[in-house]
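Colleague: Please see the structure below; I have some questions.
The values are calculated or read from the model by the stated rules, or taken from the named source; none is laboratory data. Because the structure is predicted, anything quoted here is derived from the model rather than measured. Glycine gets a Cβ as well: all are built from the backbone with ideal geometry, and neighbour counts include every protein chain shown.
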Amino acid sequence: MAILFRTYQYANGQGPIIFYLAAALFVVIGVKFVISGIKTYAESKTLKRAPIAPLNRLSAGLAHVRGKATGDDRLTSPLTKAPCYYYQILVTKHISRVKGGSGWTVVGNETEQRQFYLDDGTAKVLVNPQSADYELAETFRLRMGRASSRYVHPALGVAGPSDQDLQALVEPRWGKGKYRFSEFCLPADRECNVLGYYAENPDPKDSGNRTLIMSGQEGQPFLISTKSQEQEEKSLRQKAVGSIATGVCCVAVALLCGLMGAGFFFHWD
């Protein structure tokens, strides 16, 4: 590595600047990961402190509720064709790199969402999911060519797409190859948890949506999940730890780059 950067120095007269630029880049990335991890950890603590309350007893402010997702404005998930109010489709492709080696690269990441009502039997409230974080169970998973990798969430009651259907979906866009697929969705008429800000609807269409749950002030959590509260807390903590650890590693790499640029490991001639 040092030889490569020495070559760059002699060819371009830049000296150790490239190391300082790399250090700055890794610092920015690391700080973003750490901030994201801290935010996620705060969400997990808030979730733990907020017991689930019935909809007919809510008052303005942070609310944690559970009920069935309902409403007529539904989406259809692209892979399982399940009626839903949110979906995310991840498609990765196995790619051989020019300099040798190979790996999986994300080639498709598609999401879409709709407003829905949450009904817990005591009342019904509109949920505006804009800016929400989602913690959803995987509804479909497959690595093409491996039948044993196929998974379809049993609650959906569908068989899922065939390999031929998936080939017809991806090959016109990304060519032939090895692909992996994952789908996460918020199915219609299924139970889910919502942690968000309960308030008067500023733009009610009728008497049925005079109140809503939405994103609150900056820094307040807004989470929609199909998992249990215990699963949500565990998943958020794991995400927080992973994000903070990644951020710390990036900062450590930045420090190493800075030391290399300053000539701690070799001298710039």
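Colleague: What's the number of the only condition in (1) touching a residue at least 40 places away in the same chain (Cβ under 8 Å); (2) surrounded by 14 or more Cβ atoms within 10 Å (Cβ to Cβ) that GLN130 fails to meet?
Modeller: Only one criterion in (1) touching a residue at least 40 places away in the same chain (Cβ under 8 Å); (2) surrounded by 14 or more Cβ atoms within 10 Å (Cβ to Cβ) is unmet by GLN130, namely (2).
Colleague: Output the residue which, of all residues in segment 40-73 that are buried (at least 16 other Cβ atoms within 10 Å of the Cβ), within 20 Å of the chain's Cα centre (by Cα) and of a type outside the set (Gly, Ala, Ser), is modelled with the lowest pLDDT.
Modeller: LEU47
Colleague: List pairs: first in segment 8-26 and surrounded by 16 or more Cβ atoms within 10 Å (Cβ to Cβ), second at pLDDT below 75 and among the hydroxyl-bearing types (Ser, Thr, Tyr), Cβ under 9 Å, 6+ apart or cross-chain?
Modeller: Once the first residue is surrounded by 16 or more Cβ atoms within 10 Å (Cβ to Cβ) and sits in segment 8-26, its partners that are at pLDDT below 75 and among the hydroxyl-bearing types (Ser, Thr, Tyr) give ILE18/TYR8.
Matching residues to (1) over 17 Å from the mean Cα position of the chain (by Cα); (2) over 28 Å from LEU79 (Cα atoms):
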| residue | (1), (2) |
| --- | --- |
| GLU171 | yes, no |
| GLY175 | yes, no |
| ASP189 | yes, no |
| GLY196 | yes, yes |
| SER207 | yes, yes |
| ILE213 | yes, yes |
| LEU223 | no, no |
| GLU230 | yes, yes |
| SER235 | no, no |
